[in-house]
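Throughout, read-outs are computed from the coordinates displayed, never taken from laboratory work. Every value quoted in this text rests on a predicted model; they were computed, and no experiment measured them. Every residue, glycine as well, gets a Cβ built from its backbone with ideal geometry; the counts of neighbours run over all protein chains shown.
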Amino acid sequence: MKLLAIKWFIMFITIMSNHKVHSFRCDRRPYGTTTQSSPADGRFVLQIVGTHNAYLPDQLYTVQITETDGASRFTGFMISAEGDLKPDPRNPRRMITQYPGEIRPQTSNTAKYSDRCLYSVEHTIASLKNSVEVYWKAPPSGSGCVTLRAMVAENDNVWFEDGSPLTLRVCEDTRQPDDLSLQSNYNCQVCDEAKYEISFTGIWSRNTHPRNFPENDWVPKYSDLVGASHTADFILWSPGTVATDGLRQLAEHANSSKLEEEILEKVGDGVRTLIKGKGHGDLKMNMPTYAFFRSDKDNHMISVAVGIYPSPDWFLGIARFELCQEDNTWLQERELNLFLWDAGTDSGVSYESANIETFPQDAVNRVQMSSYDKNSPFYGIDIKDVHPFGILSIRLVKTYHRQCEETPGEEGGEDATGEEEKSEEENGESNGAEPEEPSRYQNPDLDSSDDGGSEIVPSVDPESSEDCPMTPWEEWSQCEGICENNKIKGLKWRVRNHITPHHGEIPKYCKNHFETFENIECEEKCSENEDDIAAQKRVMVPVVSGKKIWSKKRDLPKITNKNNLFNVI
């Protein structure tokens, strides 16, 4: 009898302990308040930017509290993350809380880590505000669902917590990998046009994918990023379809030329913009590559592909990715993990397999995982356990207001090379608004604002990037070096400049990916007579950051204006 009573007592304690764990809530009330929280009235909402009720493990998200009526303000807040409960593996009768990720302040001016609640941040200063943003680093895979809760205080006596607008429950995204298409919006009704930045960052390496990785580390590389913004009727590639010759060359040889031609042939007939970004290899494998594209009501999908080399016929990419959301707004931002696709043209099973043509050609499909061929890099591995081979980021840069009732042809289009549309000012309809495109540039030092504001626009190299315009290369300098035995062996150089945007600074990626100075070895005849040497005296360009120019007998010029091309005096 005594033993039975002890068992009942232990069971009661266990139940109460579990109940206590389930019902525990951190005290998030504002400091000094003497009132109870009011029911959330919908004027303030807690949101996670870039999610659809699911999170990607280890992803960094922006969490925000915003007002919804355009007038309400709040002074204090707290945002907390709570993990789900699960049985303790060491003691199934005991419930433990799973890790919910980390809530971080964006800046110390607006938020700080809470000293009274775990996995929480709260306001730094009780000032009036209409929105606030913090970071949430999602937990690793297998952490289940996470509940985010917000407390919002209008003042010391009026505050809200919990309830639908201030509580979010998000679970790990266990669907197919990110690079599968979202549901298409065939009835896109968004009127404004959009400009997007797309970037690809490779993460294929011996560390992330060690099995059967190519023996020589300098061999692996990515092809150029190639794709298009297009209509719902256009198919660049898609699972279940037969790869075109262009996709075959990209997948088998990391050669994008033919695929680019196929896209250019469809410009104006299903394609709005050719997307092109530089591929990387060897030491630059993990460097991001960038491109820009335009989308509109008709061309609201994108498809891109990146070949990996060496491989039988494998590539990365997304097909028919929808940018027009269900509420007819443009997608703001999305980051996608990319996994391997098989073009169906080669039957090799490993990166460096010999060429084995697939006949008849198979359809595009996912590279076979959980393979039982020991030569495969994915022998006995499920796709959920495979690291992505790259990350694709899509970010809305700007929207351009368009009237829905406008008929086709009323506004200029953008050709496949990315030439921008004319601004309203160029069409004689200037209303003093900001120029439509970053490709409208001027040199601020040449602006004649004192005599009417006319601007002098420097010439742009047509072969330069649309979003990183540059002046044409200057002529090569004369050969620079020491005259010995009537011959100069040295270097000659040439320069070009980034063209500064009218409304901003030169983007960092332009500076990192486009050179403004280059030199090559040269050899010229010369004379060692003093008169001839004096006549030969030349001026060298100043040393450009990161470059070395040598000369034992030349004077460096002075620069009258560092923003212009070099002026020698």
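Observations
- Computed over the range 295-340, the convex hull of the alpha-carbon atoms projects to a mean area of 3.9 nm².
- Look at Trp476, Trp159 and count the other Cβ atoms within 10 Å of each Cβ; fewest to most, that gives Trp476, Trp159.
- Paired Rg and Dmax values of the range 193-398, which use every Cα atom, in angstrom: 16.7, 50
- Ordering Leu46, Leu259 by the number of other Cβ atoms within 10 Å of each residue's own Cβ, fewest first, gives Leu46, Leu259.
- Efficiency of FRET between Thr107 and Glu515 - r from beta-carbon atoms, R0 35 angstrom, step 0.05: 0.50
- Least to most buried among Glu252, Glu172 (fewest other Cβ within 10 Å first): Glu172, Glu252
- Using the Cβ-Cβ distance between Thr62 and Ile381 with R0 = 35 Å, the FRET efficiency computed as 1/(1 + (r/R0)^6) comes to roughly 0.60.
- Dipole in debye (nearest 20) - the range 279-331, about Cα centre, beta carbon charges: Lys, Arg +1; Asp, Glu -1: 200 debye
- Annotation note: trypsin sites (Lys or Arg not before Pro) in the range 54-160 located in DSSP loop regions with a Cβ neighbour count of at most 10 within 10 Å are Arg90.
- Separation in nanometres of the label points that stand 7 Å from Cα toward Cβ, at Asp461 and Asn216: 3.1 nm
- Share of alpha-carbon pairs per 10 Å distance bin for the range 159-261, given as whole %: 9, 25, 32, 20, 10, 4, 0
- Note that the range 190-201 has calculated 3J(HN,Hα) couplings of 5, 8, 6, 8, 9, 10, 10, 9, 10, 9, 10, 10 Hz, one per residue in order, obtained from phi through the Karplus relation 6.51 cos²θ - 1.76 cosθ + 1.60 (θ = phi - 60°); glycine and proline are x.
- Treating r as the C-beta distance of Val158 and Asn286 and R0 as 56 Å, the FRET efficiency rounds to 0.65.
- Entries of Lys137/Lys276; Lys195/Lys258; Lys195/Lys278; Lys276/Lys508 with Cα pairs more than 21 Å apart: Lys137/Lys276; Lys195/Lys258
- Largest first and in whole Å, the equivalent-ellipsoid semi-axes of the range 43-172 read 27, 15, 14, each the square root of five times a Cα gyration tensor eigenvalue.
- Contour minus Cα-Cα distance for Lys489 and Gln98 (0.36 nm per residue): 133.9 nm
- Simple label model, 7 Å out from Cα along Cβ direction - Glu524 to Trp473, nm: 1.7 nm
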